[in-house]
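Presented below is the structure to which this report refers.
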Amino acid sequence: MNLTALGEVLGEGLGLVDRLLLALGVVGVVHGRRRVAGRLATAEALAAHRDGDLRRVRERGHEGRREGDGSEKHDSTVASSACRDSHGTPSRQKPHPLHLQREQWVEHLGYVSLFPLMLRLLPVDSPQLPHLLELLADPDKLWTPYGIRSLAADDRMHGRPNAPGDEPYWRGPIWINLNYLLLSGLHHYANTEGQARARAAELYTALRSNLVENMQREWERTGYLWEQYSPETGLGQRNHPFNGWSGLVLLMVAEKYD
């Protein structure tokens, strides 16, 4: 769905964060809920429908990919037995994504734990908000002098290669797109009356400085924006030049989050 169609669902005033979330695939849109969605911001629409619509959007997405390209290529989360009949012959019956069968707690602390903060889903008086801020600020877990790491430092998977010869991707390195969303959430709570306002403001200022100053140092040292940054040294790593979402540093400097 293009942004023009999205405007019909969510209202014409799609803000910067809304567009970013949609581009990242964090949220989706349900065609049949136009009147319900109205002019809600993307994050608010997600909060309103997270228990039902988001699951259905994800399920439709899996089905759409299988039907749309005409191929027999399936998601790795689908049981191979679901694609075959009782004689072991490949079947055209739609398989069912295994990850939709049950919900469970995630055992890892990282970006995946911070989306309620990133998307501003927690009420300002939520008892979870102060706890989430302290997890974010813990240098033994997520906080670094260069930005927020993608996976807690004490996690058993932190820093482990994805595969032999393939350095860790989302297992610790600092990603600018998710750190931008964290700044957006912290900025919101820092400017909203509530019990966590002062702490959110403190973390917002420190995190913004850490990110901008480190990226500036690396720009001056190498002449590039990088795909990700080391949580141990702050050095740029992986692909470069990477002027896509790492270019969000300019919006951090300008403090533009809406």
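FYI, it's all coordinate maths here, none of it is from the lab. If you're wondering where the values come from, they're calculated on a predicted model, not measured in any experiment. Here the Cβ positions follow ideal geometry from the backbone for every residue, glycine too, while neighbour counts run over all protein chains shown.
For ASP138, what charge total do you get from the other residues with a beta carbon under 12 Å from its beta carbon, if Lys and Arg give +1 and Asp and Glu give -1?
So the environment of ASP138 carries a net charge of -1.
Counting Lys and Arg as +1 and Asp and Glu as -1, what is the net charge of the other residues whose Cβ lies under 12 Å from the Cβ of HIS187? Intermediate values should be presented prior to the final figure.
Working: positive: ARG120, ARG197, ARG208, LYS256; negative: GLU255, ASP258.
Result for the neighbourhood of HIS187: +2.
Measuring from label point to label point, each 7 Å out along Cα→Cβ, what is the SER209 to TRP105 span in nm?
The two pseudo-label positions are separated by 3.6 nm.
Any chance you could run the full-extension gain for ARG221 through VAL112? It's 0.36 nm times the residue separation minus the Cα-Cα distance, nm to one decimal.
36.1 nm
Rounded to the nearest angstrom and ordered from largest down, what semi-axes does the equivalent ellipsoid of the stretch 150-231 get from its C-alpha gyration tensor (root of 5λ)?
Value: 28, 18, 9 Å, ordered largest first.
Give me the net charge for the shell around ALA206: Cβ to Cβ below 14 angstrom, other residues only, Lys and Arg +1, Asp and Glu -1.
Value of the local net charge: -2.
Normalised by the number of residues in the stretch 148-258, what is the relative contact order in percent for Cα pairs under 8 Å and 6+ residues apart?
Over the stretch 148-258, the number comes to 23 percent.
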